[in-house]
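The values are calculated or read from the model by the stated rules, or taken from the named source; none is laboratory data. Model, not experiment: these values are computed from the prediction. With ideal geometry, Cβ positions are generated from the backbone for all residues, glycine too; neighbour counts draw on all protein chains shown. Please note that ligands, DNA and RNA were not included when accessible areas were found on the heavy atoms of the full protein model with its side chains. Shrake-Rupley method; radii C 1.70, N 1.55, O 1.52, S 1.80 Å.
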Amino acid sequence: MKITVFKIGGSILKSKDSYLKISNYIKNYLENRQEKIFIILSAIKGATDLLIDYYDKDNANALKDFIESYYEIAKSFDSKHLINEINEQINVLIKYRNQANKDPALRDYVISYGEKLSKIIMKYALNYNDLDAESLDADKIIITDKNYGDATIDLIETRKMIEKVNLNKRVFLIEGFIGKSYDNHVTTLGRGGSDYTSSALAYILNAEKLYLVTDVPGIFTSDPKIVRNPKIVKRLSFEEAIEASKYKVKGINYKTFYPLLKTNVNVYVGMPNNYNTLINNSTYCNGFAKLIGYKDDKIGKIIGLIGEGMNKENIINKISEIIGNYNDELIIEKNGTRPSISINIKNYNFYELLNSIHDKFIGD
């Protein structure tokens, strides 16, 4: 039976209704298909930040807000059993409130709780629709190195753990973002780590499709909060997606697409039933940049134009025309064979330049 992987982003997990909408979507998806599905759960939006603030700064209010956000959702299901399950997890978390011996392994353990609680709630939401999901624990199955806070998944060892799982059911739930080190400590995979969990499982399970489910209809050509006329990127190669992660596009974890480089997995990005960005191993070139990202630098910001098949010399010459007398304030690099051009900005107006480059160099 074919396997499909869904990653449910935290941006769409806000309430009982949002969990039930995903449950309905999954039920409808399975109705006329003979597939097994793996659902990877993120924490609800903002939950991980609260746990980081709690652990790093001993902020009791942050922990209080974290607990209340999950209690609120759990109570709305009107299930004593669900509330008890959430309580059990929270009581364990609270034990670490006054830990004097703070270390990276303990920090990862604490900040993993958003995904753990989210998985418990999603299981109940699926039960609402008579979907019997097998709950798997990422901190027992996803094997990683000991780089706490930014761990790398060991695909070989993780495959061995997956092979021990009974795959008789059709629906499986597992946390994103979380793993287990070789010496049995909980690890986390870095921001955007649930996408990375999803791609690793898609690779190991030989899945045909991976859906990255979020609150927008796809990946935009640049930050819609900054550019005037953002479009949706229709096609990206895995190489382009990896390059996009280096410029912080949509919070993509830089490790996400490496497991898929030599696979035929199709990755769809968007909202339920409205996926407009396809990422796979094919290369499609239109001569323009496909998207523009940016990141902070010690002396300013770096803008990245991303797209395979760009005429870099021509684009760099035209960028020089746009910036005119500000030439000495920018450093433009071709980035070798990578599918990108970078512009290191010192004093030039970042917002003006980003919009000018977007208008000039983004193709349909």
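Values for this structure:
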{"quantity": "Crossing angle, helix 193-204 versus the chain [Cα axis fit, 0-90 degrees, rounded to tens]", "calculated": "80 degrees"}
{"quantity": "The stretch 150-227 shape via C-alpha gyration tensor axes, a/c threshold 1.5", "calculated": "oblate"}
{"quantity": "Charge tally in the Cβ shell below 15 Å around GLU88, where Lys, Arg are +1 and Asp, Glu are -1, GLU88 excluded", "calculated": "+3"}
{"quantity": "Degrees separating the helix 16-31 axis from the principal Cα axis of the chain, which is the longest one", "calculated": "90 degrees"}
{"quantity": "Prolate/oblate/rounded call for the stretch 35-146, Cα gyration tensor, a/c under 1.5 rounded", "calculated": "oblate"}
{"quantity": "Accessible surface ranking that places the most exposed of MET122, MET271 first, with a 1.4 angstrom probe", "calculated": "MET271, MET122"}
{"quantity": "GNM top mover of LEU291, LEU30, LEU126 - the chain, alpha-carbon springs below 10 Å", "calculated": "LEU30"}
{"quantity": "Average accessible surface area per residue within the chain, 1.4 Å rolling probe, Å²", "calculated": "46 Å²"}
{"quantity": "Accessible surface of the stretch 1-78 [probe 1.4 Å, protein heavy atoms]: carbon and sulfur percent", "calculated": "43 percent"}
{"quantity": "The stretch 142-189 versus the stretch 26-94: alpha-carbon centroid distance in Å", "calculated": "19 Å"}
{"quantity": "Neighbourhood charge, 15 Å Cβ-Cβ cut-off, centred on TYR29 and excluding it, Lys, Arg +1 and Asp, Glu -1", "calculated": "+4"}
{"quantity": "DSSP beta bridge pairing in the stretch 75-222, given as percent antiparallel to the nearest 5", "calculated": "45 percent"}
{"quantity": "Nearest 10 degrees, 0 to 90: helix 113-128 Cα axis against the chain principal axis", "calculated": "70 degrees"}
{"quantity": "Segment ASN273-LYS64, extension gain: residue separation times 0.36 nm, minus the distance between their alpha carbons", "calculated": "71.7 nm"}
{"quantity": "Cα gyration tensor, the stretch 84-165 - rounded (a/c under 1.5), prolate or oblate", "calculated": "oblate"}
{"quantity": "Under 5 Å, built H, 5+ apart or other chain: amide partners of THR144", "calculated": "ASP154, LYS180, SER181, TYR182"}
{"quantity": "Most mobile listed residue (ALA62, ALA138, ALA47) in the chain, GNM with C-alpha springs under 10 Å", "calculated": "ALA62"}
{"quantity": "LYS360-THR283 pseudo-label distance in nm [points 7 Å out on the Cα-to-Cβ vector]", "calculated": "2.6 nm"}
{"quantity": "Mean residue ellipticity (222 nm) of the chain, computed from DSSP H runs ≥ 4 via -39,500 (n - 2.57), nearest 500", "calculated": "-12000 deg cm²/dmol"}
{"quantity": "Pairwise label distance in nanometres, TYR128 with GLN34, each label 7 Å out on the Cα-Cβ vector", "calculated": "3.2 nm"}
{"quantity": "Cβ-defined net charge surrounding SER15, 12 Å radius [Lys, Arg +1; Asp, Glu -1]", "calculated": "+3"}
{"quantity": "Cleavage-rule hits (GluC sites (Glu not before Pro)) in the stretch 139-193: DSSP loop, at most 15 neighbouring Cβ within 10 angstrom", "calculated": "GLU163"}
{"quantity": "Furthest towards positive pole of dipole, TYR71, ILE52, LEU93, structure part the stretch 29-111, Cβ charges", "calculated": "LEU93"}
{"quantity": "Stretch gain in nm, segment ASN344-TYR182, where the contour uses 0.36 nm per residue and the Cα spacing is subtracted", "calculated": "54.4 nm"}
{"quantity": "20 Å-binned pair-distance histogram of the chain (Cα, whole percent)", "calculated": "28, 54, 17, 0"}
{"quantity": "Percent carbon-and-sulfur accessible area, the stretch 81-145, ignoring ligands, DNA and RNA, probe 1.4 Å", "calculated": "46 percent"}
{"quantity": "Residue with peak Gaussian network fluctuation, the chain [Cα springs, cutoff 10 Å], from LYS102, LYS140, LYS312", "calculated": "LYS102"}
{"quantity": "Antiparallel bridge percentage (DSSP; both residues within the chain; nearest 5)", "calculated": "45 percent"}
{"quantity": "Rounded to 5, the percent of DSSP beta bridges in the stretch 218-292 classed as antiparallel", "calculated": "65 percent"}
{"quantity": "Over 28 Å between alpha carbons, listed pairs LYS45/LYS95; LYS7/LYS290; LYS57/LYS295; LYS16/LYS180; LYS21/LYS262; LYS140/LYS248", "calculated": "LYS16/LYS180; LYS21/LYS262; LYS140/LYS248"}
{"quantity": "Charge-dipole axis of the stretch 1-142 as Lys and Arg at +1 and Asp and Glu at -1 on Cβ define it, positive-most pick from TYR29, ILE39, VAL110", "calculated": "TYR29"}
